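The values are calculated or read from the model by the stated rules, or taken from the named source; none is laboratory data. All of these numbers come straight from a predicted model, not from anything done at the bench. Neighbour counts are summed over all protein chains in view; Cβ atoms, including those assigned to glycine, are modelled from backbone coordinates with ideal geometry. With ligands, DNA and RNA removed, areas are computed over all heavy atoms of the protein, side chains included. Shrake-Rupley method; radii C 1.70, N 1.55, O 1.52, S 1.80 Å.
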Amino acid sequence: MRNAGRDFAALVMALAAGAAAAQEKFPSRPIHLVVSFTPGGGADFTARTVALKMGDILGQPVIVENKPGANGLVGCEAVAKAAPDGYTMLETDRGALGVNPSLYKKLPYDPLTDFEYVGVVTTAPYVLVSNPRLAAKTLADLAALAKAKPGALNYGSYGIASMAQLNIEALKAKLGIDLTHVPYKGAGPAVQAVVAGEAAATIASPAAVLGFIRDGRLRALAIGTKRRTPLLPDVPTLAEAGGGEDTLAPTYFAFALPAKTPRAIVRGMSEVMRRSVMSPDVVERLGAAGLEPTGGTGPELLELVKRDIPRFRGIIQNIGIQPE
């Protein structure tokens, strides 16, 4: 099976050397996958799961490196400035590509020109979770507590204008409540803050919270899906809980290479990514963590980024967040 995978990789990469005028077979050394978020969340789980399978197919290890900070900015900048030779690849999320252009006056990368997109790897709904010591067993309970003491309860996000903040601010508006925003450096720290009782609530991908929910350290109040998930069958959808059907926009985790990476390498890596994501064992592992294998294309991702930038700019302006 491993040899078959390498034969496949050789086929999809065969044109790369010629296109890049390279003197060596690609890949001839390990590939570094830079994850722009902390360990412990859906981005990290996606990266490590898919990287293992890609390494099997390519015959070279895909080494995951976490470079978190500034809503994904640090990792994105690092890859945007990396050599365009296919050996440094980015995994980031919807916020880093669609939100950051409206958040920073001098963003050190341009999502529309500084990357060659490989494609969306997985998509993930958000689960709204609270500390179980909080006297709120439902979303309605949380809303009642917040209305009784406006601003007394706080929520954790992954940073200023992160997907967590934008989504919870939309939920606040929908419910007519006031929660105080506390930014953390990623999904993992935000979730840990709720577990520790430093924050009352947050949202995260299922991969980041399933273990805590199952062992009782977090309480799931709602999930942003149209139907209940088999992973959390007793957790209502956001619509069922009274928060509206589309209030929590899902995120995605996507791969990208630096701009000017040879097109043959980009196409080859995209095909290897899709093959990896759709492998039965990977599908099962991702699904068990609440992640939906997507295996999208680079052009599809570019079009999504083009639509998201003006969409999230409007939300940021409505909240009143000023670009830094």
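Give all pairs with beta carbons closer than 7 Å in which a residue from region 258-273 that is closer than 16 Å to P299 by Cβ meets a residue that is among the β-branched types (V, I, T) and open to solvent by 10 Å² or more (accessible area, probe 1.4 Å); count only pairs at least 6 apart in sequence or on separate chains.
A259/T113; G268/V12; S270/T297; E271/V12
When residues of region 116-157 are filtered for being of a type outside the set (G, A, S) and either open to solvent by 20 Å² or more (accessible area, probe 1.4 Å) or more than 25 Å from P183 (Cβ to Cβ) (or both), how many remain? I'd like the intermediate steps shown before the answer.
Residues of region 116-157 of a type outside the set (G, A, S): 116-118, 120-123, 125-129, 131-134, 137-139, 141-142, 145, 147, 149-150, 153-155.
Remaining after also requiring either open to solvent by 20 Å² or more (accessible area, probe 1.4 Å) or more than 25 Å from P183 (Cβ to Cβ) (or both): 116-118, 120-121, 123, 125, 132-134, 137-138, 141, 145, 147, 149-150, 153-154.
Qualifying residue count for the region: 19.
For region 86-138, what are the residues that are charged (D, E, K, R) and not in a loop (DSSP other than H, G, I, E, B)?
Across region 86-138, the qualifying residues are E91, D93, R94, E116.
Return the total of residues in region 52-85 being under 12 Å from L107 (Cα atoms) and part of a loop (DSSP other than H, G, I, E, B). Break it down stepwise before answering.
In the first step, residues of region 52-85 are kept if they are under 12 Å from L107 (Cα atoms); the result is 70-74, 76-77, 80.
Applying the additional criterion that residues be part of a loop (DSSP other than H, G, I, E, B) yields 70-72.
Here the count works out to 3.
Go through (1) under 28 Å from K172 (Cα atoms); (2) in contact with a Phe, Trp or Tyr (Cβ under 7 Å, 6 or more places away or on another chain); (3) open to solvent by less than 10 Å² (accessible area, probe 1.4 Å); (4) of a type in the set (A, V, I, L, M) and name the single condition A256 misses.
(1)
Only one of V266, V235, V272 is β-branched (V, I, T), modelled with pLDDT of 95 or more, open to solvent by 10 Å² or more (accessible area, probe 1.4 Å) and in contact with a helix residue (DSSP H, G or I) (Cβ under 9 Å, 6 or more places away or on another chain); which? Quick ask: steps written out before the conclusion?
Working: V266 fails: open to solvent by 10 Å² or more (accessible area, probe 1.4 Å); V272 fails: open to solvent by 10 Å² or more (accessible area, probe 1.4 Å).
Only one candidate passes the filter, namely V235.
Here are the criteria: (1) surrounded by 23 or more Cβ atoms within 10 Å (Cβ to Cβ); (2) out of contact with any Asp or Glu (no Cβ under 8 Å at 6 or more places or on another chain). Tell me which single one M163 does not satisfy.
Of (1) surrounded by 23 or more Cβ atoms within 10 Å (Cβ to Cβ); (2) out of contact with any Asp or Glu (no Cβ under 8 Å at 6 or more places or on another chain), only one is false for M163: (2).
How many residues are of a type in the set (G, A, S) and open to solvent by 20 Å² or more (accessible area, probe 1.4 Å) if we restrict to region 280-307? Spell out how you get there, then give the answer.
First, the residues of region 280-307 that are of a type in the set (G, A, S): 287-290, 295-296, 298.
Checking which are open to solvent by 20 Å² or more (accessible area, probe 1.4 Å) leaves us with 287-288.
Selection size over region 280-307: 2.
Residue check: is T237 over 30 Å from F115 (Cα atoms) and polar (S, T, N, Q)?
Working: over 30 Å from F115 (Cα atoms): yes; polar (S, T, N, Q): yes.
Considered against the rule, which asks whether it is over 30 Å from F115 (Cα atoms) and polar (S, T, N, Q), T237 comes out as yes.
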